[in-house]
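The values are calculated or read from the model by the stated rules, or taken from the named source; none is laboratory data. Because the structure is predicted, anything quoted here is derived from the model rather than measured. Note that each Cβ is placed from the backbone with ideal geometry, even for glycine, and that neighbours are counted across all protein chains shown. The protein model used for the area step is the full one, side chains on, heavy atoms only, and it has no ligands, DNA or RNA in it. Shrake-Rupley method; radii C 1.70, N 1.55, O 1.52, S 1.80 Å.
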Amino acid sequence: MFITFEGSEGCGKSTQSDELAKFLHQKSYPVLLTREPGGTRIGEQIRTILGNQENTQIHLRTEILLFQASRAQLVEEVIKPHLASGGVVVCDRYADSTLAYQGYGYRRVNLDQLRTLVNFATGGLQPDLTILLDLDVKIGLQRRSQGGQINRLDTYDLDFYQRVRQGYLDMAAQEPGRWKIVKADRSFLQVQEEIRQIVLQRLTGD
Ligand code: TYD
């Protein structure tokens with residue numbers, strides 16, 4: 001089973017995906033945790049280019065293609081082989097991030113065109129389950145400013161993040177079978193518990 005986490009800044013995605021992978025491991029599921037951009041040696045090099053504060057002149061089309069290049073490598077090198085061996089893959093961000101950020105966020109690229117590119121990068125591989133950690137944008141940005149390193153990809157404005165959030169909610173509404181919206185404005189443990197229940201239900205088919 002292929003599970004992805006999505007959400008905008010400060011929603012707790014990275015910590016929750018990490019916790020979920022540990023939980024599934026304890027339950028003896030063969031689980032693999034990865035992230036985007038990155039997750040492979042080549043992908044981590046691309047992540048460095050994308051995050052570099054000095055790369056201010058990077059063109060939007062270049063940025064889009066770099067995200068897809070990292071993704072294509074991750075799919076072929078890591079995700080597909082693990083799924084083929086019957087494992088569970090937990091991925092912190094995946095194709096929907098491109099649609100949310102480069103599509104809904106920037107509003108300069110046509111969504112259908114982006115879907116074609118994303119489809120090319122993933123070879124059509126779709127998650128079985130996508131967990132959207134939904135959070136008020138202002139709360140998310142406040143949380144983020146309290147910790148962690150800031151890089152080039154962290155420097156958009158409030159309106160941008162609001163469009164990203166709305167984009168996620170639109171995509172979730174269009175494909176309710178794949179997406180589960182989890183309210184992230186609660187305690188860490190409450191969010192964790194809901195995620196565990198959703199995932200166990202899918203895995204055991206209850
Ligand atoms: P990261 O440091 O992983 O932050 P986060 O904790 O928010 O995931 O940086 C990833 C950044 O890259 C984040 O701002 C979202 C952005 N991004 C895109 O714009 N498009 C994409 O396709 C992906 C995968 C990420």
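Observations on the structure shown:
- Applying a threshold of 9 Å to beta carbon distances and a minimum spacing of six or more residues, or different chains, the list of pairs starting in region 67-83 at a residue that is within 19 Å of A100 (Cβ to Cβ) and ending at one that is acidic (D, E) and surrounded by fewer than 23 Cβ atoms within 10 Å (Cβ to Cβ) reads F67/E36; S70/E36; S70/E44; R71/E36; L74/E36.
- When Y101 is tested against (1) within 30 Å of Y29 (Cα to Cα); (2) buried (at least 21 other Cβ atoms within 10 Å of the Cβ), just one condition goes unmet, and that condition is (1).
- Output for region 126-151, where each listed residue is open to solvent by 40 Å² or more (accessible area, probe 1.4 Å) and under 22 Å from E76 (Cα atoms): Q126, D128
- The residue that is nearest to V31 (Cα to Cα), among those in region 54-70 that are among the polar types (S, T, N, Q) and either open to solvent by less than 20 Å² (accessible area, probe 1.4 Å) or more than 16 Å from the ligand (Cβ to nearest atom) (or both), is S70.
For (1) surrounded by 16 or more Cβ atoms within 10 Å (Cβ to Cβ); (2) farther than 14 Å from T122 by Cβ; (3) more than 9 Å from the ligand (Cβ to nearest atom), each residue gets a yes or a no:
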residue: K13; (1), (2), (3): yes, yes, no
residue: L20; (1), (2), (3): yes, yes, yes
residue: G38; (1), (2), (3): yes, yes, no
residue: R41; (1), (2), (3): no, yes, yes
residue: E44; (1), (2), (3): no, yes, yes
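- Of the helices (runs of 4 or more DSSP H) lying entirely inside region 105-199, those containing at least 1 residues that are more than 16 Å from the ligand (Cβ to nearest atom) span 111-122, 158-174.
- Meets criteria (among the polar types (S, T, N, Q) and over 18 Å from F2 (Cβ atoms)) for T40: no
- The residues in region 71-97 that are within 14 Å of the ligand (Cβ to nearest atom), of a type in the set (S, T, N, Q) and surrounded by fewer than 24 Cβ atoms within 10 Å (Cβ to Cβ) can be counted, and the count is 1.
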